[in-house]
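Student: Attaching a single structure in structure tokens format; questions to follow.
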Amino acid sequence: MSNLKASMEPTNEELVERSKSGDPQAFKLLVTRNEGKVAGVVQSMLGATPEAEDVGQEVFVRFYQSMEKFKGESAVSTYLIRIAINLSLNEIKRRKKRNFLFTREEEGSMIKAPDSKSDMKEIVNYEVARLEPEFQSVVTLRMIEGYSTEETAEILGIPLGTVLSRLSRAQKKLKQSLAKHMTL
Amino acid sequence: MKPDEIENLFLLSLDTNLDDSRKQEMVKSMREQAGLAEDLEKYTRIREKLKRNTPATFGPYFAQKVINHIQNLRVEIDQQIVFFFRKYQLAALGIVIALVAVNVIFADSLNLPSVLGIEETVTTADDDLLTFDFYENITNN
């Protein structure tokens, strides 16, 4: 029964076609369906902040604006995640610039620094947010959101070998920084 | 195998089915380098902590907010177009006012055609229109 229901539901690509012909309900359904994936990536990179929601909205607005150019060479979700990563990286750059101007701190992260009450998950998230953006995007996709190495390479538009080397370096950095807070 | 190569192989093994020979090679290298095996175990623990357990969301009515955002954006674009052309409209109006002012200043009489720069018909006496016969003048003299 659930299989039959799933087969009757329009695919992302069908929803894009319907949205192109001016069906707002189709686009709304597309947003609802992909919100979780986009939220996962954006919140992992920026924290669950009001800016993260703004970036999330911007992801779908940008997709809506470029929908005519969307030829379906990659999956809709891949395309959305790519926009989400790029906009999150822009937001991190903006934060760094703003913090540098006002407080002379080079922290791009808005994630609260861990204290004695913080649990392991909070500490790990904090340390991930402190990684350089190129490592952060790889860690977010591969280690947090669970995309495969190949999918991560496709989303970021970089070779598989680069994903592996960035992951490896990110893990080493995380191991060092986490050692300050806990025994692994 | 170099430690970096083993690490890459380990990372790949997490989402790819390695062939038996590469798998055996990786296990053998990890046995030989105890420190590396320990590191890889730590990485696995970090991964476990990082993995998302609950689905992420931006909160209620997110899809509706996106639709509203798009609709507001359309109004904004329309306003931008109007604003973009407004400066040209104002410039054109300025030129027209300047031309009328010039016409008013240089007009012989202040009537509507002269103010608007409409060409006035020039009336001349019939005598002025008679042709002057140059040869006749010479022979007479």
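Throughout, read-outs are computed from the coordinates displayed, never taken from laboratory work. Source: prediction; values computed, not measured. Neighbour counts run over all protein chains shown; Cβ positions are idealised from the backbone, glycine included.
Student: Taking only C-alpha pairs under 8 Å that are 6+ residues apart, what is the relative contact order of chain A in percent?
Tutor: Values: 154 pairs, mean separation 33.5, N = 184.
RCO, chain A: 18 percent.
Student: Please state the equivalent ellipsoid semi-axes for the protein assembly as shown: what are the square roots of 5 times the Cα gyration tensor eigenvalues, largest first, in whole Å?
Tutor: On the way: eigenvalues 1040, 117, 104 Å².
Taking √(5λ) for each eigenvalue gives 72, 24, 23 Å, largest first.
Student: Something else about it: About the Cα centre, and with charges only on the beta carbon of Lys, Arg (+1) and Asp, Glu (-1), how big is the dipole of the stretch A:1-97? Nearest 20 debye, please. Mind dumping the intermediate values first?
Tutor: Working: 15 positive and 13 negative charges, 83 e Å.
Roughly 400 debye, rounded to the nearest 20.
Student: May I pose another question? Would you calculate, for chain A, the mean residue ellipticity at 222 nm contributed by helices, counting each DSSP H stretch of 4 or more residues as -39,500 (n - 2.57) and dividing by all residues, to the nearest 500? Numbers along the way, then the final one.
Tutor: Working: 9 runs with 126 residues, N = 184.
Estimated from H runs of four or more residues: -22000 deg cm²/dmol.
Student: If you put +1 on each Lys and Arg Cβ and -1 on each Asp and Glu Cβ, how big is the dipole of chain A around its Cα centre, in Debye rounded to 20? Walk me through the numbers before you get to the answer.
Tutor: Numbers: 28 positive and 26 negative charges, 127 e Å.
Roughly 620 debye for chain A.
Student: Here's something else I'd like to know. What does the charge dipole of the stretch A:112-184 about its Cα centre add up to, to the nearest 20 debye, if the Cβ of each Lys and Arg holds +1 and the Cβ of each Asp and Glu holds -1? If you can, show how the numbers build up before the last one.
Tutor: On the way: 11 positive and 10 negative charges, 85 e Å.
With Lys and Arg at +1 and Asp and Glu at -1, about 400 debye.
Student: Oh, and also: Against the 2.2 N^0.38 Å scaling, with N counting residues, where does chain A land? I'd like the Cα-based Rg ratio to two decimal places.
Tutor: Values: Rg = 18.3 Å, N = 184, 2.2 N^0.38 = 16.0 Å.
Dividing the Cα radius of gyration by 2.2 N^0.38 Å gives 1.14.
Student: Taking each residue of A:160-169 in turn, how many C-beta atoms of other protein chains fall within 10 Å of its C-beta, and what is the average?
Tutor: Values: counts 3, 1, 0, 3, 7, 4, 0, 6, 7, 2.
Taking the mean over all residues of the peptide, I get 3.
Student: Order these peptides, A:174-181, B:85-92, A:143-150, by their mean beta-carbon neighbour count within 10 angstrom, highest first. Present the calculation step by step, with values, prior to reporting the outcome.
Tutor: Values: A:174-181: 15.2, B:85-92: 9.8, A:143-150: 19.6.
Put in order of decreasing packing, that is A:143-150, A:174-181, B:85-92.
Student: So if I take the centroid of the Cα atoms in the stretch A:1-75 and the same for the stretch B:39-76, what is the distance between those two points in Å?
Tutor: Their Cα centres are 12 Å away from one another.
Student: Next question, about the same structure. Which FRET efficiency value, to the nearest 0.05, is calculated for residue A:90 and residue B:99 with the Förster distance at 51 angstrom and r the Cβ-Cβ distance?
Tutor: Numbers: r = 49 Å, r/R0 = 0.97.
It comes to 0.55.
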